[in-house]
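Asker: One structure is given below, represented as C-alpha cells, and several questions about it will come after.
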Amino acid sequence: MDAWSGAIGLPLLGAALHPLLGAMVQRATRHGVKLSVVLGFANLLTLAVFSIYLKPDFSEPFGIYDGFAVLNGFLFFFGQWFSVQSVRKGDLVVHSSTLGFKVLIVAVLSASVGLEKAGAGLIGGAVLAAAAVYLVAGATAERLKANRTTLWLTVVACIFFATNDFLTGWKSHEIGGDRWLIIMIMTAGTLSVGMLLPRWKDVRITFTKKEMAFPVLGAGLALGVQALLVNLAFSWFREPALSNIAYSTRGVMAVFFVWVIAKKCKEPLGGRQLLGAVLMVVALALVLL
C-alpha cells in the first residue's frame, strides 16, 4: 500500500464503519445503557483489537517518547469524554457539525511544524471539509445558538482529538507506530477502567441482559477496528490532515446509509446534505491536486 492510498484509503474504510458504530450506540442507549458504560467498554475492546493486531513488544526500556504516547492516551480519552458530555447536554446535530472543526485544527498544527505543506489545497480542503460536515449534519446558525453548551463542549473535544491525531502523525515514528499506538490505547483503557469502577452496578445490569450487552459489544468492536484503521494511517503515512479530511466523510456515509438502506431519516435528504456531499468530494480533490 503506497502513501497516497494508505493515507486516504484506511480512513475511508474507518469512516465506512461509522454508520454501524452509530447504530450500535443508539441501540444500546435506547435499551437504557449509559453512554459512559458504552464508552468504557468500547475502549477496552479497542485495546483488545489493537493488541491482537499490533502484538506489542516492550523489550525496549521506557523513554521520553513513550511518555508522549501516554499523553496521547489522555488526549484520546478526554476527547471522548468531552464528546460524550456534549451529546448528553444537547443536540446531536450540533455535536456532529461542530466536530468538523477538528479538521481545521489538525491542518494548522501539521502545517505549523512542516509535517504537511501549508498550501492552498490543504487549507482549502480542510475548510471545505468542515463546511461539508456542517451541511451534511443539517445544522443552522439558530440551532448552534440554542445549544451553546453542546457547541463549546464539542470544540474542547475537537482540540483534544486534533492534538491526538497530530501527535501520532508527528512523533509516533520516534518509537515506532505500533509501540506508540498500543501505549496510547493502554492508557485510554486504564482510564476507562477507572471510569467504570464507580459504575459497577450499571455495568453488571448491562451484561446480564443480552439486548443491552450485544450492542455494547458491537459498538466496541466497531470502534476498535475504526480506531485501528485511522490511527495506522496517522502513524504510517504521517499526513494527519489529509487522513482527517478523508475520515470526515463518515458524516456523508452515515446520511446516505440511512437514506439508501432505510429510505427514511428524521430530516429528509435535501439540498444541504447533497451540497455537503459535493463539498466533501471537492475538499479531497483540492488536497490531492
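The values are calculated or read from the model by the stated rules, or taken from the named source; none is laboratory data. Every value quoted in this text rests on a predicted model; they were computed, and no experiment measured them. Neighbour counts run over all protein chains shown; Cβ positions are idealised from the backbone, glycine included.
Asker: Considering only residues of region 59-88 that are free of Cβ contacts under 8 Å to residues at least 24 places away in the same chain and of a type in the set (Gly, Ala, Ser), which is nearest to residue 131 (Cα to Cα)?
Answerer: So the residue we want is 67.
Asker: Let me ask something additional. From 110, 59, 86, grab the single residue that is crowded, with 23+ Cβ neighbours inside 10 Å and out of contact with any Ser or Thr (no Cβ under 8 Å at 6 or more places or on another chain).
Answerer: 110
Asker: Somewhere in region 127-138, is a residue in contact with an Asp or Glu (Cβ under 8 Å, 6 or more places away or on another chain), surrounded by fewer than 24 Cβ atoms within 10 Å (Cβ to Cβ) and not polar (S, T, N, Q)?
Answerer: Within region 127-138, one or more residues are in contact with an Asp or Glu (Cβ under 8 Å, 6 or more places away or on another chain), surrounded by fewer than 24 Cβ atoms within 10 Å (Cβ to Cβ) and not polar (S, T, N, Q).
Asker: Give the number of residues within region 92-143 that are outside any helix (DSSP H, G or I) and either under 18 Å from the mean Cα position of the chain (by Cα) or more than 18 Å from residue 164 (Cβ to Cβ) (or both).
Answerer: Keep residues of region 92-143 that are outside any helix (DSSP H, G or I), which gives 99-100, 113-119, 138-140.
Subsequent filtering for residues that are either under 18 Å from the mean Cα position of the chain (by Cα) or more than 18 Å from residue 164 (Cβ to Cβ) (or both) retains 99-100, 114, 117-119, 138-140.
The number of residues fulfilling the criteria is 9.
Asker: While we're on this one: For region 89-104, does any single residue satisfy the condition of being in contact (Cβ under 8 Å) with a residue 60 or more places away in the chain and under 27 Å from residue 175 (Cα atoms)?
Answerer: yes
Asker: Which residues, taken from region 1-52, are in contact with a Pro (Cβ under 8 Å, 6 or more places away or on another chain) and not in a helix (DSSP H, G or I)?
Answerer: Of everything in region 1-52, those that are in contact with a Pro (Cβ under 8 Å, 6 or more places away or on another chain) and not in a helix (DSSP H, G or I) turn out to be 31, 33.
This table checks each residue for (1) surrounded by 24 or more Cβ atoms within 10 Å (Cβ to Cβ); (2) acidic (Asp, Glu); (3) under 21 Å from the mean Cα position of the chain (by Cα).
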site: 145; (1), (2), (3): no, no, no
site: 164; (1), (2), (3): yes, no, yes
site: 176; (1), (2), (3): no, no, no
site: 186; (1), (2), (3): no, no, yes
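Listed here are the residues, each with its yes/no results for (1) touching a strand residue (DSSP E or B) at 6+ places or on another chain (Cβ under 6 Å); (2) more than 24 Å from residue 248 (Cβ to Cβ); (3) of a type in the set (A, V, I, L, M, F, W, C); (4) at pLDDT 90 or above.
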{"position": "15", "(1), (2), (3), (4)": "no, no, yes, no"}
{"position": "40", "(1), (2), (3), (4)": "no, yes, no, yes"}
{"position": "49", "(1), (2), (3), (4)": "no, no, yes, yes"}
{"position": "59", "(1), (2), (3), (4)": "no, yes, no, no"}
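Asker: Looking at 99, 75 in this structure, which one is buried (at least 20 other Cβ atoms within 10 Å of the Cβ), over 25 Å from residue 276 (Cβ atoms) and not polar (S, T, N, Q)?
Answerer: Answer to the selection: 75.
Okay, residues lined up against (1) touching a residue at least 24 places away in the same chain (Cβ under 8 Å); (2) over 24 Å from residue 168 (Cα atoms); (3) assigned to a loop (DSSP other than H, G, I, E, B):
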{"residue": "199", "(1), (2), (3)": "yes, yes, no"}
{"residue": "203", "(1), (2), (3)": "yes, yes, no"}
{"residue": "211", "(1), (2), (3)": "yes, yes, no"}
{"residue": "214", "(1), (2), (3)": "no, yes, no"}
{"residue": "217", "(1), (2), (3)": "yes, yes, no"}
{"residue": "225", "(1), (2), (3)": "yes, no, no"}
{"residue": "228", "(1), (2), (3)": "yes, no, no"}
{"residue": "233", "(1), (2), (3)": "yes, no, no"}
{"residue": "241", "(1), (2), (3)": "yes, no, no"}
